[in-house]
């Protein structure tokens, strides 16, 4: 989701209308440099007849372009597109890399994400503005298998794998319970992580949403209500195309073996969560975990993220869960977390959704004229509902 703002800046501050660089208003040299960049971009735009970006005005969530007409356009995104790294803005990259000291770190993310390379240290740590939360598996972890942004720790319990995925603003976990015998393990009755925090107070609300707040009461990290689901698919004999349809992409057939995918028809349940001192506890739904109709593998998915709020999904099926910045949402391709907003009803999950956005327009305060502003979105998928005859 992008907001486009076209404005004519004040003559005395050629870039103030579109700059969110904190030094622009206090550091004369920086201001002059930005003004020079804007003037150069404006000349290039006139010469080429095409918009030219003022690179010095780029922030984590916005870009500024000089237009051939002499105006400037700011494009502001709902979530971070770039992050500060080594003194400059870099593309977000969640790929895991070894730090040479037994940890796996995401390359370039809005919130620092560090995962275990095996052993008894923290499973995962997220750090934002010097404040952090760490979760530690109760036993020493095996060396993980690493693929891109995901680390897989095999057999953390008998026939139970633990997967952790680095996201731009946090991490998601997935416990993969492979068999009924694994589900009967008493260690799965209550999953207990050791938890450490620095500069935040961690708690859980009445709807099992996790909150980590700083001394001023601001939420630094959040986690939506954890969920669990099994591998049940569509009833036999019911064609997927008849049950679900898409105007923009084909529906995957029932029986897909992607272990991250909660397929159509999967049985789902919320997971109770609690905080006791330095312990985070997850209490899986025992009826789904060990039920006679449960189909394995079964998946359990706690999630923690620390991005500043920009947008959220309100989802009728989970009215007490908060999917801030898409955190905790489970995509159809199995990914946890989403950058896709939802609106309306679809019958794949029998869900009714709404999406809400917050945009920062403070840079318009110094504009002389704002010619236009509009929101640009792209429809990536349309679900059609099958109406019984």
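Taken together, the values in this text are just the output of simple stated rules run on the coordinates, not laboratory data. Predicted model only: the values in this text are computed from it and were never measured. Every residue, glycine as well, gets a Cβ built from its backbone with ideal geometry; the counts of neighbours run over all protein chains shown.
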### Message
Quick check on the exposure proxy: order 88, 290 from fewest to most C-beta atoms within 10 angstrom.
### Response
88, 290
### Ordering of 100-106, 218-224 by burial proxy (mean other Cβ atoms within 10 Å per residue, highest first)
218-224, 100-106
### Query
If contacts are Cα pairs under 8 angstrom and at least 6 residues apart, what is the relative contact order of region 42-184 in percent?
14
### Computed lengthening from residue 140 to residue 36, 0.36 nm per intervening residue step minus Cα-Cα distance
31.8 nm
## Note on the structure
Of 53-62, 171-180, ordering from highest average Cβ density within 10 Å down gives 171-180, 53-62
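Ranking 46, 64, 202 by Cβ neighbours within 10 Å, fewest first, what do you get? Please report the intermediate quantities before stating the final value.
Working: 46 15, 64 31, 202 19.
Going from least to most buried by this count: 46, 202, 64.
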### Message
Once you place label points 7 Å from the Cα toward the Cβ at residue 101 and residue 317, how far apart are they in nm?
### Response
4.3
### Query
Roughly how many nanometres apart are two label points built 7 Å out from the Cα toward the Cβ at residue 207 and residue 290?
3.1
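How do 125, 340 line up, fewest other C-beta atoms within 10 Å first?
Values: 125 22, 340 14.
Ordered from fewest to most neighbouring Cβ atoms within 10 Å, 125, 340 come out as 340, 125.
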## Note on the structure
Between the modelled labels at residue 357 and residue 281 (7 Å from Cα along Cα→Cβ) the distance in nm is 4.3
